[in-house]
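Student: There's a structure below that I have some questions on.
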Amino acid sequence: MNRCDDFVTLELDEVLYGIPVERVQEILDVCKVSLMPNAPDYMLGVIDLRGENVPIVDLRILMGLAPKADTAQTRFIVVQLQSGVADSVIGVRTDRVIDVAQLDAGALQPLSEGQKLAWDGLSVLGIGRRNGALISVIDLEGLFARKLNIAQRAPNHPEPEEAA
């Protein structure tokens with residue numbers, strides 16, 4: 001069992017998820033998104049956040065759910081991804097942000113049975129409970145790892161050569 005701090009709790013298709021609050025930069029109402037040509041289906045586009053370009057990713061699509069139209073409760077959660085050398089700021093679109101809360105008894109447990117079910121669980125830090133309801137705490141780097149690492153460069157953008 002791991003001791004955990006506060007989490008921003010959110011909802012996708014009436015299922016509860018959490019993101020560690022220290023990873024959340026801010027929560028925004030839905031705003032105009034500039035589409036990017038040839039972007040993957042999970043990337044909605046880019047927003048201007050006080051002069052910074054922030055890509056917006058549809059968390060539903062990234063997690064294998066069907067797209068859904070925006071509602072009055074739809075929010076963008078701006079998060080920091082830690083990618084080793086430099087951090088990245090990315091916005092994730094979610095159906096609803098509920099609140100900032102601690103898990104019941106402050107406990108986060110791994111889902112070790114996932115390996116037995118041929119599921120690597122890379123996108124989940126662990127499972128907790130809030131007011132008795134299950135909350136899957138999202139591992140941001142794990143969730144984005146496959147998408148960021150499998151990106152192939154176009155022929156006119158080769159990999160940089162290593163110095164000899």
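Student: Using amide H atoms built in the peptide plane, which far-off residues or other-chain residues are under 5 Å from residue 30 H to H?
Tutor: Here 76 satisfy the definition.
Student: Let me ask something additional. Report the paramagnetic label zone for residue 89: residues of segment 13-41 whose backbone N is under 11 Å from a point 7 Å from Cα along the Cα-to-Cβ axis.
Tutor: Within reach of a label on residue 89, which here means backbone N under 11 Å from a point 7 Å along Cα→Cβ, segment 13-41 contributes 25-26.
Student: Next question, about the same structure. In terms of modelled amide H atoms, which long-range or inter-chain residues lie less than 5 Å from the amide H of residue 57?
Tutor: HN-HN under 5 Å from residue 57: 44, 91, 92, 93.
Student: A further question follows. Counting only residues 5 or more places away or on other chains, whose amide H sits under 5 Å from the amide H of residue 124 once H atoms are built in the peptide plane?
Tutor: Under 5 Å from the amide H of residue 124 lie the amide H atoms of 139, each far enough along the sequence or on another chain.
Student: Find out how many positive minus negative residues lie around residue 22, taking Lys and Arg as positive, Asp and Glu as negative, among other residues whose Cβ is under 10 Å from that of residue 22.
Tutor: In short, -1.
The numbers here are math on the coordinates, done by the rules we state, and not lab data. Since the structure is predicted, the reported quantities are computational estimates derived from the model, not experimental observations. Note that we place each Cβ from the backbone using ideal geometry, even for glycine, and neighbour counts take in every protein chain shown.
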